[in-house]
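Written out below as structure tokens is the structure these notes cover.
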Amino acid sequence: MDGTALSESGRTELAGAAGVPVIATRYQGIIHDFVMLNALRDTQAAEAAITQATTTLRSALHTS
């Protein structure tokens, strides 16, 4: 890559074409980096994103 910013769909396509499993989820109505901001930790979007991430990682790592 030449450092050109790719769109979200472009990054997803590129990773998928490389054989990397991809899950792309868009959380509408919330700001970028919302999961990392303590003030937004209790929002429905943050809860859903954290649950999705932990479930996906557990599945990929074959842990309970």
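The values are calculated or read from the model by the stated rules, or taken from the named source; none is laboratory data. On a predicted model such as this, the values are computed, not experimentally measured, just so you know. Because the Cβ atoms are built from the backbone with ideal geometry, glycine has one as well, and the counts that use them run over all protein chains shown.
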Pick from the range 10-47, criterion among the aliphatic types (A, V, I, L, M) and assigned to a loop (DSSP other than H, G, I, E, B), ranking: surrounded by the most Cβ atoms within 10 Å (Cβ to Cβ): I30
Flag if I50 is outside any helix (DSSP H, G or I), among the β-branched types (V, I, T) and surrounded by 10 or more Cβ atoms within 10 Å (Cβ to Cβ): no
In the range 1-43, the residues that are aliphatic (A, V, I, L, M), modelled with pLDDT of 80 or more and over 23 Å from L57 (Cβ atoms): I31, A39
